[in-house]
Amino acid sequence: MMPAEAKDRPSVAPKNMQAITSGLAGYTDNVLFGDVWLRPELTPRDRSLVTLSALVATGKSAQLAGHLNRGLVNGLKPTEIAGMVTQPAFYTGWPNAVSALNIVEQVFSDRKIDPATWRLTASQSSKLPNQEPRQADEPGIARVSPKFAELSDQVLYKDLWQRPDLAPRDRSLVTIAATAANGDVNELAYQVQRGLANGLKRAEIAEAFIHLAFYAGWPKATAALRLADGIFHQEELASPETDKREDVH
Amino acid sequence: MMPAEAKDRPSVAPKNMQAITSGLAGYTDNVLFGDVWLRPELTPRDRSLVTLSALVATGKSAQLAGHLNRGLVNGLKPTEIAGMVTQPAFYTGWPNAVSALNIVEQVFSDRKIDPATWRLTASQSSKLPNQEPRQADEPGIARVSPKFAELSDQVLYKDLWQRPDLAPRDRSLVTIAATAANGDVNELAYQVQRGLANGLKRAEIAEAFIHLAFYAGWPKATAALRLADGIFHQEELASPETDKREDVH
Amino acid sequence: MMPAEAKDRPSVAPKNMQAITSGLAGYTDNVLFGDVWLRPELTPRDRSLVTLSALVATGKSAQLAGHLNRGLVNGLKPTEIAGMVTQPAFYTGWPNAVSALNIVEQVFSDRKIDPATWRLTASQSSKLPNQEPRQADEPGIARVSPKFAELSDQVLYKDLWQRPDLAPRDRSLVTIAATAANGDVNELAYQVQRGLANGLKRAEIAEAFIHLAFYAGWPKATAALRLADGIFHQEELASPETDKREDVH
């Protein structure tokens, strides 16, 4: 599965990785890009979305330019990249989005992508249909801070989640990647269920966590997969007919 | 609550945010600065303290200069900023403080703030009264590492927490923000109780977590509010007469 | 234990720390470098390994150059540094390793360390004996993602952990530091047990967590020590004869 030798194709690993940590360069070429990125369970475009979301969510600005260019090549639209940057502002904090925007601005400028073209479109777009509000299973939070419950309802669920810059399924993928990368497992449990409701397949969610193992680390991926297994298993018990055509593997 | 159009006042969002992610610029102007920062439950000075602590605690150097200038305008004293940088060294690691100091140095220099003026004062100040040592509810930690228990007692509780550069109430606010932003919920449970003992009001603590939602993300704020609700509820059961004049909302 | 005055030896604290946060400079000189780094429970070389792993694992590039130089002086070999950078790629994500390599490259270049000299050696080295595969106690993860289980087994346990660039005991120390610094406590529980099996002493593991308190914060160290106490205690119950010569204190 993972030959020790470099293959014939040129290495995608940085030069200093090849020179100093040749083993890591081998994993990069043969495992990460030679195996994981090629797996059909998730398209290259979706893998770019997951990767970019994890990078923004964990503040890894240094790797962002390369993956933004890759994502555009893989089919992400500039408006989707704008949506992908906006979402982690709420789920991981403003600073990550503000820092990411400096890199996005440079990449767009280099590629002659003009944000003015889509701002018009966006203002003309109608909002997406109402998202189901978060289940009111947290009376404690509304009790300790009614304002936080109001912001969650009015700004996140009735506005952010209805924005047309990301399809609901993609917005769920971005949010799942961001919360998994940051180890926010309670939030992740909710977002996995929401993602299923928004049209993500179980196999896509599981594959996103494999992919994240390489961008946020094995422990974060392990925790996310453990969680996903529990949720999928509960869902199967509740409605054994669902997902028949889909093999999780 | 959150008009889609920009209001009359000029946007505080960065130019590239306005150009690339106009939605995020709208949230910045209308929700974050047009609503949350203006809420009276926490003063602008305290909001700056919370924001700065979260930025230092999560290593977001890029946003630090702007918020340091804002904090000084909002009434934070240079000595308090020094205390705000020192505290996360212990609660989030030395590297965050070391990196923050490079930005603080630049901002102080730009504003002609001379640290020499307060070093003398600090050396003349007597220490604050003894802080109650951490409750000895962790015999396991003393068992596995008596040295760690000694450092906690001698350096943190009998020295750091008694420094005069931050009032105990402010030191608690800084520590609560740092631990909440990093998702250290076990530590946070202790720090919330300590903060109440140091004079923070319940409503201030809850409001700090709303504020943090925008600087460390919704999941971290949700976890902190869930925790706070449990602690406040326990306190009410234990002493129903407390906090009568204070409405948590 | 921690005199308020600076001692006679010159301060190792940065100039701006001495000027702006003289208290933190005092803790740096008298506690961190004047006490903790000097404790015999862990060698300076091992402390460098723990520090470097924590810095890479938490993406603190700004402090890396100084500690790489210190680590080389403390006896770390360049190949061990290469191994120390490779390991967190898997345990904390590729971006941390990629960013760290830029600093390692510069430090090696400044010190005339030529990676070409050890690449040959590495390719000639035979692999270390098979590491015991991770106990198959996670059927849920194999169920939700057989590929992840395969990657864990084939790439991590049968390849990464058998690389000759780090001795198994050192690889465990690096991994324990990385997972503790990131608060990945479930993974940490497994890695502490693996570290004991790989020859780390209990007192070394506990001391690594004291050391980490200063590089990843008190809450992360507290959680790690709480966990270690539970594991050590269980082990003592299971085999009371073990570790007799070793005092945890």
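The values are calculated or read from the model by the stated rules, or taken from the named source; none is laboratory data. Worth saying up front: this structure is predicted, and the values here are computed from it rather than measured. Glycine gets a Cβ as well: all are built from the backbone with ideal geometry, and neighbour counts include every protein chain shown. Ligands, DNA and RNA are stripped out before the accessible areas are found, and what is left, the full protein with its side chains, is counted by its heavy atoms. Shrake-Rupley method; radii C 1.70, N 1.55, O 1.52, S 1.80 Å.
Selection among A:Phe232, A:Val107, C:Ala57 by position relative to the dipole of the protein assembly as shown gives A:Val107 as farthest towards the positive end (Cβ unit charges, Cα centre). Per residue of peptide B:97-109, the mean number of Cβ atoms on other chains within 10 Å of the residue Cβ is 4. Taking θ as phi - 60° and the Karplus parameters 6.51, -1.76 and 1.60, the scalar couplings of the range A:208-225 work out to 4, 6, 4, 4, 5, 3, 7, 10, 10, x, 4, x, 5, 5, 4, 4, 5, 5 Hz in sequence order, x denoting glycine and proline. Rounded to a whole number, what is D in µm²/s for the range C:137-178 from Stokes-Einstein with the Kirkwood radius over alpha-carbon pairs (4 °C, 1.567 mPa s)? After rounding, the answer is 113 µm²/s. For the residues of C:222-230, the average number of beta carbons from a partner chain within 10 Å of their own beta carbon is 5.
Backbone N atoms of the range A:30-45 closer than 16 Å to the 7 Å Cα→Cβ label point of C:Lys158 belong to residues A:31.
As a fraction of the 1.4 Å probe accessible area of the protein assembly as shown, surface on carbon and sulfur atoms comes out at 54 percent. As a ratio to 2.2 N^0.38 Å, the alpha-carbon radius of gyration for chain B is 1.07.
Normalised by residue count, the range B:28-73 yields a Cα convex hull volume of 76 Å³ per residue. Start at zero, step by 10 Å, and the Cα-Cα distances of the protein assembly as shown spread as 3, 14, 24, 27, 21, 9, 2, 0 percent across the bins. Against chain B, whose longest principal axis is taken from its Cα atoms, helix B:78-92 shows a tilt of about 70°. Buried surface for the C/A pair, taken as the accessible area of each chain alone minus that of the pair with a 1.4 Å probe, is close to 3800 Å² in total. Our summary gives chain A a relative contact order of 20 percent, counting only alpha carbon pairs under 8 angstrom and 6 or more residues apart. Each of B:Phe214, B:Asn186, A:Ala25 was scored by the projection of its Cα onto the charge dipole of the protein assembly as shown, and the greatest displacement toward the positive side belongs to A:Ala25; charges sit on the C-beta of Lys, Arg, Asp and Glu.
Note on A:174-181: average number of Cβ atoms from other chains within 10 Å of each residue's Cβ is 1. Using the 7 Å Cα-to-Cβ label point, sort the distances from A:Lys77 to its equivalents in the other copies shortest first and give them in nm to one decimal. Counterpart label points of A:Lys77 in the remaining copies fall at 5.6, 5.6 nm. Measuring only protein heavy atoms, the 1.4 Å probe finds C:Ser172 accessible over about 0 Å².
Identify which of A:Ile103, A:Ile141, A:Ile176 has the largest mean-square fluctuation in a Gaussian network model of chain A, with springs joining Cα atoms closer than 10 Å. Answer for the Gaussian network model of chain A: A:Ile141. Using only alpha carbons, the range C:160-235 has a radius of gyration to Kirkwood radius ratio (Rg to Rh) of 0.95. Scalar couplings 3J(HN,Hα) for the range C:44-58, obtained by applying the Karplus form with A = 6.51, B = -1.76, C = 1.60 to θ = phi - 60°, are x, 4, 5, 5, 5, 4, 5, 4, 4, 4, 5, 5, 5, 5, 10 Hz; x denotes Gly and Pro. Excluding B:Leu68 itself, what net charge comes from residues whose Cβ is under 15 Å from its Cβ, given Lys and Arg +1 and Asp and Glu -1? Result for the neighbourhood of B:Leu68: +4. The mean of 1/r over all pairs of different alpha-carbon atoms in the range A:1-117, once inverted, gives a Kirkwood hydrodynamic radius of 15.4 Å. Shown in residue order for the range A:31-42 are the 3J(HN,Hα) couplings computed by the Karplus curve 6.51 cos²θ - 1.76 cosθ + 1.60 at θ = phi - 60°: 9, 5, 8, x, 9, 4, 4, 8, 5, x, 4, 9 Hz (x for Gly and Pro). The modelled label-to-label distance between C:Arg169 and B:Arg39, using points 7 Å beyond Cα along the C-beta direction, is 5.4 nm.
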